[in-house]
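Undergrad: Pasting a structure here, questions to come.
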Amino acid sequence: MSSNIFSMIGLSGIDPAIIFMVMLIIIVIAFVLLVLQANRIKKLEKKYEKFMTGKDASSLEDEIAGLFHDNRIIRSENEKNRKDIIDINKRLTNSFQKIGLEKYDAFNQNGGKLSFAICMLDENDNGFLLNSVHNSDGMNYSYSKEINAGISDVELSSDEKRALEKAIASVNR
């Protein structure tokens, strides 16, 4: 069997049965691919139905909008907290953070160490030292000394020096 169409495209020597078989194989392959794609679509539809169970489109949209609103609130609160933390850290540098206490007997009496030196310092070792001396007559004298960068402007007694050293060392407690 000869065909003018086959001879025009250069296939005049090919048997039409071969062409028919090739076309049949292509159709079978296309049908198999169609069935596979239909299965994939069915699985996707099941997942979609499961996702949408109990929600209609408008309520799901409301849920998503609510999540965006909540996210904005969380971000603004986070920014506020960040500013508050910076403010607290600025204030904390000037507050007393280091304390040293040294109790002692002022006049080497067995009076239960009623005299004391207390040193209070900020982050930069600035602050004061308060010395309270108690004598055997029941009199009490208090002295204060300014501390700048861990150094007193007035000479310190040995008890006051120990209180200052304790305060400086108390930073990591």
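The values are calculated or read from the model by the stated rules, or taken from the named source; none is laboratory data. Owing to the predicted nature of the structure, the values given are computational and were not obtained by experimental measurement. In this analysis, Cβ positions are derived from the backbone assuming ideal geometry, glycine residues included, and neighbour counts consider all displayed protein chains.
Undergrad: State whether one or more residues within the range 79-89 are over 30 Å from Lys50 (Cα atoms) and at pLDDT below 90.
TA: Yes, there is a match, as at least one residue in the range 79-89 is over 30 Å from Lys50 (Cα atoms) and at pLDDT below 90.
Undergrad: Right, something else. Quick check on Ser170: is it without any contact (Cβ under 8 Å) to a residue 60 or more places away in the chain and not aromatic (Phe, Trp, Tyr)?
TA: no
Undergrad: List, please: which pairs have Cβ atoms under 7 Å, are six or more places apart or on different chains, and start with a residue in the range 95-117 that is modelled with pLDDT of 80 or more and end with one that is loosely packed, with under 13 Cβ neighbours inside 10 Å?
TA: Matching pairs, first to second residue: Lys98/Val171.
Undergrad: Which of the residues spanning the range 155-173 are surrounded by 11 or more Cβ atoms within 10 Å (Cβ to Cβ) and within 41 Å of the chain's Cα centre (by Cα)?
TA: If the condition is that a residue be surrounded by 11 or more Cβ atoms within 10 Å (Cβ to Cβ) and within 41 Å of the chain's Cα centre (by Cα), then Arg162, Ala163, Leu164, Glu165, Lys166, Ala167, Ile168, Ala169, Ser170, Val171 are the ones that fit.
Undergrad: Sticking with this structure for a sec: Under the condition of being among the charged types (D, E, K, R) and modelled with pLDDT under 90, which residue from the range 134-154 is surrounded by the fewest Cβ atoms within 10 Å (Cβ to Cβ)?
TA: Top of the filtered list is Asp137.
Undergrad: Go through (1) more than 24 Å from Thr93 (Cα to Cα); (2) among the aromatic types (Phe, Trp, Tyr); (3) out of contact with any Leu (no Cβ under 8 Å at 6 or more places or on another chain); (4) in a strand (DSSP E or B) for Phe107 and report which single condition fails.
TA: (4)
Undergrad: Moving on. In the range 122-139, which residues are touching a Phe, Trp or Tyr at 6+ places or on another chain (Cβ under 9 Å) and part of a loop (DSSP other than H, G, I, E, B)?
TA: Asp122, Asn135, Ser136
Undergrad: Report yes if Asn126 is polar (S, T, N, Q) and at pLDDT 85 or above, otherwise no.
TA: yes
Undergrad: What number of residues within the range 129-152 are in contact with a Lys or Arg (Cβ under 7 Å, 6 or more places away or on another chain) and farther than 14 Å from Glu102 by Cα?
TA: Here the count works out to 1.
Undergrad: Take the conditions at pLDDT below 80, in contact with a Ser or Thr (Cβ under 7 Å, 6 or more places away or on another chain) and among the hydroxyl-bearing types (Ser, Thr, Tyr) and apply them to Ser7. Does it pass?
TA: In short, no.
Undergrad: So, one more: Looking only at residues that are of a type in the set (D, E, K, R) and outside any helix (DSSP H, G or I) in the range 140-173, which one is nearest to Ala117 (Cα to Cα)?
TA: Lys145
Undergrad: Sticking with this structure for a sec: List the number of the failed condition for Ile73; all other conditions in (1) farther than 30 Å from Val133 by Cβ; (2) part of a loop (DSSP other than H, G, I, E, B) hold.
TA: (2)
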